[in-house]
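Comments concern the structure below.
The values are calculated or read from the model by the stated rules, or taken from the named source; none is laboratory data. Note that the structure is predicted; figures quoted are calculated from it, not measured. Please note: Cβ atoms are built from the backbone with ideal geometry, for glycine as well, and neighbour counts cover all protein chains shown. Heavy atoms of the whole protein, side chains included, go into the accessibility calculation; ligands, DNA and RNA do not. Shrake-Rupley method; radii C 1.70, N 1.55, O 1.52, S 1.80 Å.
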Amino acid sequence: KDFLYDFPLKRELFHTLAKELSSKQIIAITGLRRTGKTTLLKQLIDSLILDHNVKREHILFYSFDEEQPPLTDLIKEYEVKTRLDILKTKDKVFIFFDEIQKLSQWQNQIKFFYDNYKNVKFFVSGSSSLFIRKHVQESLAGRIYEFTLLPLSFREFLIFRRKEDLLKKPELFSESIQKEFLAYQKRQFLEIINEDEEKAGQYVK
């Protein structure tokens, strides 16, 4: 437990995904850039360590943002570094792949491990177009659950602004809620929730 990412505030989708930690299927998180997909993966890793007592060496996180090695090479290197044979170990191994759409033929590679490594749980994140191609959908049919991470809801906006108490008594705080909603309309991404009008207007998604 000495290695944590420590992102305390969570998107609403986190709680849905946390219920899928024990399912067999691959969990895919898709969505626009800058919605927080990477942070969401790291929060799930924290939850595994803190809430489920999973050893850190039984968790692999890798981003394909800069380099895209084959999954066989990645997992082999992971086994060497952890001295863990994931085909033989009795403990569950959790593997998180970020920006997986940048890896060519990723669906065929992950399908092999899903079918042959029964104690491995995969989480992947990617762009909104991750499953547009028909052959991707067909290749992973029955093996994957897809969840979409949307821009902030108004409730999430207030939570990240530390103003969620406004919703507990909406009649009392109607003016404040209206003011916050006007601000929310231009600030539905985490990076700009506290920016002024000019910077919020210049934000490129």
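Points worth noting:
- Residue within the range 136-145 that is open to solvent by 50 Å² or more (accessible area, probe 1.4 Å) and in a strand (DSSP E or B) present: yes
Residue by residue, here is whether (1) farther than 28 Å from ARG155 by Cβ; (2) free of Cβ contacts under 8 Å to residues at least 60 places away in the same chain; (3) surrounded by fewer than 17 Cβ atoms within 10 Å (Cβ to Cβ); (4) over 19 Å from the mean Cα position of the chain (by Cα) holds:
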{"site": "LEU9", "(1), (2), (3), (4)": "no, no, yes, no"}
{"site": "THR16", "(1), (2), (3), (4)": "no, no, yes, no"}
{"site": "GLU66", "(1), (2), (3), (4)": "yes, yes, yes, no"}
{"site": "LEU87", "(1), (2), (3), (4)": "yes, yes, yes, yes"}
{"site": "ASP91", "(1), (2), (3), (4)": "yes, yes, yes, yes"}
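- For TYR117: the one exception among (1) open to solvent by less than 50 Å² (accessible area, probe 1.4 Å); (2) within 21 Å of GLN68 (Cα to Cα); (3) hydroxyl-bearing (Ser, Thr, Tyr): (2)
- Selection within the range 182-193 - modelled with pLDDT under 90 and either out of contact with any helix residue (DSSP H, G or I) (no Cβ under 8 Å at 6 or more places or on another chain) or open to solvent by 100 Å² or more (accessible area, probe 1.4 Å) (or both): GLU191
- Some residue of the range 68-77 being among the hydroxyl-bearing types (Ser, Thr, Tyr) and open to solvent by 50 Å² or more (accessible area, probe 1.4 Å): yes
- Being basic (Lys, Arg) and at negative phi is a property that holds for ARG56.
- Those residues of the range 148-160 which are surrounded by 16 or more Cβ atoms within 10 Å (Cβ to Cβ) and either in contact with a helix residue (DSSP H, G or I) (Cβ under 6 Å, 6 or more places away or on another chain) or in a loop (DSSP other than H, G, I, E, B) (or both), in sequence order: LEU149, PRO151, LEU152, PHE157, LEU158
- Selection of the range 64-78 for residues being acidic (Asp, Glu) and at pLDDT 95 or above yields ASP73, GLU77.
- Cβ pairs under 6 Å, 6+ apart, first in the range 139-157 and modelled with pLDDT under 90, second assigned to a helix (DSSP H, G or I): SER139/GLN107; SER139/LYS111; LEU140/GLN107
Per-residue answers, yes or no, for (1) over 29 Å from ARG34 (Cβ atoms); (2) in contact with a Gly (Cβ under 6 Å, 6 or more places away or on another chain); (3) without any contact (Cβ under 8 Å) to a residue 40 or more places away in the chain:
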residue: LYS81; (1), (2), (3): yes, no, yes
residue: ILE110; (1), (2), (3): no, no, no
residue: ILE159; (1), (2), (3): no, no, no
residue: GLU164; (1), (2), (3): no, no, yes
residue: ILE177; (1), (2), (3): no, no, yes
